[in-house]
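**Student:** Can you read through this structure? Questions will come right after.
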Amino acid sequence: MKRASNGPDETEEIGYELGKVLKAGDVVALYGDLGAGKTTFVRGVARAIGVPARDVASASFMIIAEHDSTPPFFHIDLYRIEKEEDIDNTGIWDCIGKDSVAVVEWAEKLGTMAENFIRVRISDTGNNRREICVEGLDEKNRHHQ
Ligand SMILES: Nc1ncnc2c1ncn2[C@@H]1O[C@H](COP(=O)(O)OP(=O)(O)OP(=O)(O)O)[C@@H](O)[C@H]1O
Ligand SMILES: [Mg+2]
């Protein structure tokens, strides 16, 4: 699925639409350059799960932020991870999957470890526009409520 966004609000809305079809156990890997709009997108996903968008922090010093929703929502930001070997020390594997929904910013750092996740790529196409590509969502099993 490929979508165009004309501003931050639209990016958040596309995140919200994805959030509405996520199920416990889903992991969303987010790719995109600095300032692409990953955190903006996560705010929409969070809102769909019942986490207030204002609770989603940008440029946090935490790698993992846990939100006490149903299902629990984990916002992971791997920006500060330098080596693939360091991923295992973050504790993310204890948060991802199972009964929670997780989103991972800077999923580039996961390399092939993200290949089974839902993958969202955000690219800046100029003038506050973004192209948002979603892969790996088995849409036939997903119905909007
Ligand atoms: N169409 C758009 N979608 C999303 N953000 C946009 C758009 N147009 C402009 N922006 C601006 O781009 C910035 C995106 O910031 P955001 O923190 O969401 O990016 P990010 O990818 O999470 O950055 P980082 O790499 O630092 O984590 C915001 O300042 C936002 O206002
Ligand atoms: Mg961010």
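The values are calculated or read from the model by the stated rules, or taken from the named source; none is laboratory data. Because the structure is a prediction, the values reported are computed rather than measured. Every residue, glycine as well, gets a Cβ built from its backbone with ideal geometry; the counts of neighbours run over all protein chains shown. Remember, those area values only see protein heavy atoms, side chains included, never the ligands or the DNA or RNA. Shrake-Rupley method; radii C 1.70, N 1.55, O 1.52, S 1.80 Å.
Residues checked against (1) surrounded by 17 or more Cβ atoms within 10 Å (Cβ to Cβ); (2) within 16 Å of ligand 1 (Cβ to nearest atom):
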site	(1), (2)
83	no, no
93	no, no
120	yes, yes
126	no, yes
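**Student:** While we're here: Among the strands (runs of 3 or more DSSP E) confined wholly to segment 1-71, which include 2 or more residues that are farther than 23 Å from residue 126 by Cα and of a type in the set (A, V, I, L, M, F, W, C)?
**Tutor:** Correct list: 27-31, 64-67.
**Student:** Out of curiosity, is residue 82 in contact (Cβ under 8 Å) with a residue 24 or more places away in the chain and charged (D, E, K, R)?
**Tutor:** no
**Student:** Failed condition for residue 37, given (1) open to solvent by 20 Å² or more (accessible area, probe 1.4 Å); (2) at positive phi; (3) in contact (Cβ under 8 Å) with a residue 24 or more places away in the chain, with all others met?
**Tutor:** Condition (1) is where residue 37 drops out.
**Student:** When you scan segment 72-145 for strands (runs of 3 or more DSSP E) that lie fully inside it, which ones turn up with 2 or more residues that are in contact with a Lys or Arg (Cβ under 6 Å, 6 or more places away or on another chain) and away from ligand 2 (no atom under 16 Å from the Cβ)?
**Tutor:** 129-135
**Student:** Among the residues of segment 1-39, write down those that are within 17 Å of residue 77 (Cβ to Cβ) and more than 10 Å from ligand 1 (Cβ to nearest atom).
**Tutor:** If the condition is that a residue be within 17 Å of residue 77 (Cβ to Cβ) and more than 10 Å from ligand 1 (Cβ to nearest atom), then 27, 28, 29 are the ones that fit.
**Student:** If you don't mind, there's one more thing I want to ask. If residue 12 satisfies all but one of (1) touching a helix residue (DSSP H, G or I) at 6+ places or on another chain (Cβ under 7 Å); (2) open to solvent by 80 Å² or more (accessible area, probe 1.4 Å), what's the number of the condition it fails?
**Tutor:** The single condition residue 12 does not satisfy is (2).
**Student:** Taking segment 95-108 on its own, how many of its residues are surrounded by 15 or more Cβ atoms within 10 Å (Cβ to Cβ) and either among the hydrophobic types (A, V, I, L, M, F, W, C) or over 14 Å from the mean Cα position of the chain (by Cα) (or both)?
**Tutor:** Result for segment 95-108: 8.
**Student:** If you go through segment 48-70 one residue at a time, do you hit one that is within 11 Å of the chain's Cα centre (by Cα) and of a type outside the set (Val, Ile, Thr)?
**Tutor:** Looking for residues that are within 11 Å of the chain's Cα centre (by Cα) and of a type outside the set (Val, Ile, Thr), one finds none in segment 48-70, hence no.
**Student:** Any residue at all in segment 56-78 that is more than 12 Å from ligand 1 (Cβ to nearest atom), under 17 Å from residue 33 (Cβ atoms) and among the hydrophobic types (A, V, I, L, M, F, W, C)?
**Tutor:** Looking through segment 56-78, none of the residues is more than 12 Å from ligand 1 (Cβ to nearest atom), under 17 Å from residue 33 (Cβ atoms) and among the hydrophobic types (A, V, I, L, M, F, W, C).
**Student:** A further question follows. Can you tell me which residue in segment 40-55 is nearest to ligand 1 (Cβ to nearest atom), limited to those that are of a type in the set (Val, Ile, Thr) and surrounded by 23 or more Cβ atoms within 10 Å (Cβ to Cβ)?
**Tutor:** For segment 40-55, the residue satisfying everything is 40.
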